[in-house]
Amino acid sequence: MDDTQLLLELNKIMTLEHGHLGMYRDFDRHQDQDMRRTFRRFAEVEEEHIQKIKNVILNMGGKVSLLAEGGDILGKLFGITINLGSDHDLIKTFSFIEKKSHEGYQKFVTKLEQDQEKRSQLIAEIASSNMLEAWLMHLWLEDKMKKI
Ligand SMILES: [Fe+2]
């Protein structure tokens, strides 16, 4: 993958990660204590995701640029309204988004792994930890959805 294409992909991922952070950042507005605590940690995880992708971009000598406002990119992308409705609906939406995030990372990691370049292999390793955490968050949300 050439630099321009890779940087574009990374900036796209970082924009989506900002969208994820927007889902959890206002954790303290929830009534449910379990949601408050979990979303507080999820917000930290999303910040770590952003930081990791940002570091890759900067280490490649690239420029960090959000491709859209984080908040609405998710809504636009999936045609959904975020943060409306019951806790159950909210959790369901977030679970769907984390699943999509995992799928996106899977495609990205697979593409990088097919590339012979050492740099691509390294970026695949970094991206795969974000991929795993998207899946873990999805699983927590699926579990929570059954209880709420
Ligand atoms: Fe994320």
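In degrees from 0 to 90, rounded to the nearest 10, what is the angle of the helix 33-59 Cα long axis to the longest principal axis of the chain?
So the helix axis and the longest Cα principal axis differ by about 10 degrees.
Report the charge-dipole magnitude of the chain in Debye, nearest 20, computed about the Cα centre from +1 at each Lys and Arg Cβ and -1 at each Asp and Glu Cβ.
Value, rounded to 20: 160 debye.
Based on the Kirkwood radius over alpha-carbon pairs, what value in µm²/s does the Stokes-Einstein equation return for the translational diffusion coefficient of segment 94-145 at 10 °C and 1.306 mPa s?
The calculation lands on 141 µm²/s.
Starting with the highest mean, order 48-55, 90-97 by the number of other Cβ atoms within 10 Å, averaged over the residues of each peptide.
Highest to lowest by the protection proxy: 90-97, 48-55.
What value, in deg cm²/dmol to 500, does the helix sum -39500 (n - 2.57) over DSSP H runs of n ≥ 4 give at 222 nm once divided by the residues of the chain?
-27500 deg cm²/dmol
At a 10 Å Cβ-Cβ cut-off, how would you order Thr110, Thr15, fewest neighbours first?
Ranked by crowding around the Cβ, least crowded first: Thr110, Thr15.
Let me check against my output: what whole-number percent is the relative contact order of the chain, with C-alpha pairs under 8 Å and at least 6 apart?
Dividing the mean separation by the residue count of the chain yields 25 percent.
For Lys146, give me every one of the lysines with a C-alpha distance below 17 angstrom, ignoring sequence neighbours fewer than eight places off in its own chain.
Candidates past the 8-residue exclusion: Lys92, Lys99.
Sequence neighbours fewer than 8 away in the same chain don't count; with that in mind, list the aspartates and glutamates whose C-alpha is under 13 Å from Lys100.
Within the straight-line limit of under 13 Å, Lys100 reaches these aspartates and glutamates: Glu17, Glu133.
May I ask you to evaluate 6.51 cos²θ - 1.76 cosθ + 1.60, the Karplus curve with θ = phi - 60°, for each residue of segment 10-26 and list the ³J(HN,Hα) values in order in whole Hz, giving x for glycine and proline?
Result, ordered by residue: 5, 5, 5, 4, 5, 4, 5, 5, 5, x, 4, 4, x, 6, 10, 4, 8 Hz.
For segment 101-116, just list the computed ³J(HN,Hα) in residue order, Karplus coefficients 6.51, -1.76 and 1.60, θ = phi - 60°, integers in Hz, with x standing in for Gly and Pro.
4, 4, 4, x, 5, 4, 5, 4, 5, 4, 4, 5, 5, 6, 7, 6
What are the ³J(HN,Hα) couplings of segment 142-148, residue after residue, when phi is run through the Karplus curve with 6.51, -1.76, 1.60 and θ = phi - 60°? Round to Hz, x for glycine and proline.
Computed from phi, the couplings for segment 142-148 are 4, 5, 5, 4, 6, 9, 10 Hz.
Taking the Kirkwood radius as the inverse of the mean 1/r across Cα pairs, report the Rg/Rh of the chain.
0.99
No lab work stands behind these numbers, since they all come straight from the coordinates. Values in this document were obtained by computation on a predicted structure and should not be read as measured data. Backbone-built Cβ (ideal geometry, glycine too); neighbour counts: all protein chains shown.
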